[in-house]
Amino acid sequence: MKFRFVILLLACLLNIHFSSISQERTSKIPTIEVFPEFKSDTVSFDTDDPAIYYNRKNPAKSLIMGTDKGGKSGQGGIYVFDLFGKNIESKNLLGINRPNNIDIAYGLLGKGKSKIDIAVCTERNTNKIRVIKLPEMQLIDGGGIDVFQDEIQRSPMGIALFTDAKTNKIYAIVSRKEGPLQGYLFQYLLQVGDSGIVTGKLVRKFGQYSGLKEIESIAVDNELGFVYYSDETVGVRKYYAHPDSSGRELALFAKIGFTEDHEGISIYKTSAKKGFILVSDQQANQFHVFRREGEPIDKHKHELVKVIKAQTNESDGSEITSYKLNRRFRYGLFVAMSNNKTFHFYSVKNFFDEEL
């Protein structure tokens, strides 16, 4: 009994020691406070994750999509907003059974070598992912693509789309509510059949998991070929995104300074190889910023460079773009979920004024 007490006491003292070191390190990092340009119209139940659809012909007409997980019955949907946060009701896609995360990819090869833009979201209560043709907001998956088949633990939550620059093939990387310590993420090749229906072929299982909480937020850097995901309360894990690549973990960073959960990940690109990775410190209502390119001595070493204090409340999902959309968002747009049924729209200039 005395031995157990000593062990618990040592654990507490070590925790206090490392917490003080963490606070000392993060206290030296610059913190800025930012305010949204707009807050979106509310959804019906429970916001979770946004995505930005860039309109190449008319950037000012770009669309913001956000998931509404739904109420107790799980019924939710995808809400669509303009750049002022106004809901475009005619484009809402309702009746999806608890959608969590959503992501967008451009140029999925379709029938007759035609190309279509798509959004893909997880449908947690049916163990499926749903594929939506853009900008029509039309489901083209024949009722959904089953994921984590034959697994004890399914319940898909997070999703990110990877486009192979050499082949233009598009893959969906999916996480779940619970899973094994190895092979937590499943990766699916998305293909369009002769009927125009999109199917998914499992090509890879990868990714470590701490076993402590869950993995939801995923982000892919198409140009550099990396995938990042939040192992909540532990840190951000980094792997190669290509299905034929090594399954070796490249980095585990963002391990200190977070209040509790690591959540939404978004990547801001200032050039082909440089930029920033933003990670939601959910319970602190702020975002930790790391260099996309890593450090000069090690591209897989990502040190904290600044903290952005936002006005969101317990932000789960977020997305960012460096495209010029209009005069207000001429350096890009950052969209983050807030738990009052809204999404907040921020000018990126306020985040990286010195770097732009």
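The values are calculated or read from the model by the stated rules, or taken from the named source; none is laboratory data. Source: prediction; values computed, not measured. No Cβ is skipped: glycine too gets one built from the backbone with ideal geometry, and neighbour counts run over all protein chains shown.
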So how many residues does the range 268-280 have that are out of contact with any Ser or Thr (no Cβ under 6 Å at 6 or more places or on another chain), farther than 13 Å from residue 351 by Cβ and crowded, with 21+ Cβ neighbours inside 10 Å?
1
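Residue-by-condition table, conditions (1) crowded, with 23+ Cβ neighbours inside 10 Å; (2) among the polar types (S, T, N, Q); (3) outside any strand (DSSP E or B); (4) modelled with pLDDT of 95 or more:
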{"site": "217", "(1), (2), (3), (4)": "yes, yes, no, yes"}
{"site": "230", "(1), (2), (3), (4)": "yes, yes, no, yes"}
{"site": "233", "(1), (2), (3), (4)": "no, yes, yes, yes"}
{"site": "238", "(1), (2), (3), (4)": "no, no, no, yes"}
{"site": "247", "(1), (2), (3), (4)": "no, no, yes, no"}
{"site": "252", "(1), (2), (3), (4)": "no, no, no, yes"}
{"site": "255", "(1), (2), (3), (4)": "no, no, yes, yes"}
{"site": "258", "(1), (2), (3), (4)": "yes, no, yes, yes"}
Checked pairs for the range 105-116, first within 14 Å of residue 53 (Cα to Cα) and in contact (Cβ under 8 Å) with a residue 60 or more places away in the chain, second surrounded by 17 or more Cβ atoms within 10 Å (Cβ to Cβ) and of a type in the set (Ser, Thr, Tyr), C-beta under 6 Å and 6 or more apart or across chains, list as 105/163
Looking at 103, 117, which is the one that is among the acidic types (Asp, Glu), surrounded by 20 or more Cβ atoms within 10 Å (Cβ to Cβ), at pLDDT 95 or above and part of a strand (DSSP E or B)?
103
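Conditions tested, residue by residue: (1) over 30 Å from residue 189 (Cα atoms); (2) surrounded by 17 or more Cβ atoms within 10 Å (Cβ to Cβ).
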{"site": "294", "(1), (2)": "no, yes"}
{"site": "302", "(1), (2)": "no, yes"}
{"site": "311", "(1), (2)": "yes, no"}
{"site": "326", "(1), (2)": "yes, no"}
{"site": "334", "(1), (2)": "no, yes"}
{"site": "342", "(1), (2)": "yes, yes"}
Please go through (1) closer than 17 Å to residue 66 by Cα; (2) touching a helix residue (DSSP H, G or I) at 6+ places or on another chain (Cβ under 8 Å); (3) of a type in the set (A, V, I, L, M, F, W, C) for residue 325 and return the number of the only condition it doesn't satisfy.
(1)
For the range 56-98, how many residues are over 24 Å from residue 265 (Cβ atoms) and assigned to a loop (DSSP other than H, G, I, E, B)?
12
Quick check on residue 265: is it part of a strand (DSSP E or B), out of contact with any Lys or Arg (no Cβ under 7 Å at 6 or more places or on another chain), touching a residue at least 24 places away in the same chain (Cβ under 8 Å) and at negative phi?
yes
Members of the range 140-161 that are in a strand (DSSP E or B) and buried (at least 18 other Cβ atoms within 10 Å of the Cβ)
145, 156, 157, 158, 159, 160, 161
Evaluate the range 26-41: report whether one residue or more is more than 23 Å from residue 268 (Cβ to Cβ), surrounded by fewer than 17 Cβ atoms within 10 Å (Cβ to Cβ), of a type outside the set (Phe, Trp, Tyr) and at pLDDT below 75.
yes
Here are some conditions: (1) over 20 Å from the mean Cα position of the chain (by Cα); (2) surrounded by fewer than 17 Cβ atoms within 10 Å (Cβ to Cβ). Residue 87 meets all but one. Which one does it not meet?
(2)
